[in-house]
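**Q** The structure that follows is given in the form of structure tokens.
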Amino acid sequence: QVQLVESGGGLVQPGGSLRLSCAVSGLTLEDYAIGWFRQAPGKDREGVACIDSRTNRTLYRDSVKERFTVSSDSAKNTVYLQMFSLKPEDTAVYYCAAVDRRWMQVVNAIPHRAYFDNWGQGIQVTVSP
């Protein structure tokens, strides 16, 4: 069974940092791209970052590309999202999800969420003074 489990969320102050982890099982990580998405109350789920776990090509949402870093560790079957300089508008439930990595070869932006078949349950990130 394919499973993705997020961890590392919580409450931080503006300007703080947080590292999210996505532990994946039931698939070969190097055959997939792993995306990070987030959803705030009343808003659509939006792509934050994505990584091709074989080539380490990365894609970012414009609003986070200078503050967030996504990385993949195939030995641990884990993908990370390191977040710096967090802002209140980063507050959301964060999800990781998997898509066939071949899609990353033909796009210049994070694939739409509809392409991702496997999702974690999500984890809360709250940025507040």
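The values are calculated or read from the model by the stated rules, or taken from the named source; none is laboratory data. All values reported here derive from a predicted model rather than from experimental measurement. Here the Cβ positions follow ideal geometry from the backbone for every residue, glycine too, while neighbour counts run over all protein chains shown. In case anyone asks, the SASA skips ligands and DNA or RNA and just uses the protein heavy atoms, side chains included. Shrake-Rupley method; radii C 1.70, N 1.55, O 1.52, S 1.80 Å.
**Q** Would you check which residues across the range 104-123 are surrounded by 17 or more Cβ atoms within 10 Å (Cβ to Cβ) and in contact with a helix residue (DSSP H, G or I) (Cβ under 8 Å, 6 or more places away or on another chain) and list them?
**A** The one that is surrounded by 17 or more Cβ atoms within 10 Å (Cβ to Cβ) and in contact with a helix residue (DSSP H, G or I) (Cβ under 8 Å, 6 or more places away or on another chain): Pro111.
**Q** List the number of the failed condition for Val79; all other conditions in (1) closer than 24 Å to Gly26 by Cα; (2) not charged (D, E, K, R); (3) not in a strand (DSSP E or B) hold.
**A** (3)
**Q** Criterion first (within 14 Å of the chain's Cα centre (by Cα), touching a residue at least 40 places away in the same chain (Cβ under 8 Å), crowded, with 17+ Cβ neighbours inside 10 Å and within 21 Å of Gly10 (Cβ to Cβ)) does Ala49 satisfy it?
**A** In short, yes.
**Q** Residues being acidic (Asp, Glu) and assigned to a strand (DSSP E or B): count how many of those fall in the range 34-55.
**A** Of the residues in the range 34-55, 2 are acidic (Asp, Glu) and assigned to a strand (DSSP E or B).
**Q** Which one is most open to solvent (accessible area, probe 1.4 Å) among residues in the range 88-103 that are among the hydrophobic types (A, V, I, L, M, F, W, C) and either over 13 Å from the mean Cα position of the chain (by Cα) or closer than 20 Å to Gly42 by Cβ (or both)?
**A** Trp103
**Q** Is at least one residue of the range 114-121 within 17 Å of Ala23 (Cβ to Cβ) and in a strand (DSSP E or B)?
**A** Scanning the range 114-121 turns up at least one residue that is within 17 Å of Ala23 (Cβ to Cβ) and in a strand (DSSP E or B).
**Q** If I filter the range 35-42 for residues that are of a type in the set (Lys, Arg) and open to solvent by 30 Å² or more (accessible area, probe 1.4 Å), do I get at least one hit?
**A** no
**Q** Let me ask something else. Looking for whichever is in a strand (DSSP E or B) and either crowded, with 18+ Cβ neighbours inside 10 Å or within 11 Å of the chain's Cα centre (by Cα) (or both) here; the options are Thr126, Thr69. Which one fits?
**A** Among Thr126, Thr69, only Thr69 is in a strand (DSSP E or B) and either crowded, with 18+ Cβ neighbours inside 10 Å or within 11 Å of the chain's Cα centre (by Cα) (or both).
**Q** Evaluate the following for Val24: is it among the aliphatic types (A, V, I, L, M) and under 28 Å from Gln13 (Cβ atoms)?
**A** no
**Q** Ser85 is checked against (1) of a type outside the set (Val, Ile, Thr); (2) open to solvent by 60 Å² or more (accessible area, probe 1.4 Å); (3) more than 12 Å from the chain's Cα centre (by Cα); (4) at negative phi and fails just one. What number does that condition carry?
**A** With (1) of a type outside the set (Val, Ile, Thr); (2) open to solvent by 60 Å² or more (accessible area, probe 1.4 Å); (3) more than 12 Å from the chain's Cα centre (by Cα); (4) at negative phi applied to Ser85, the lone miss is (4).
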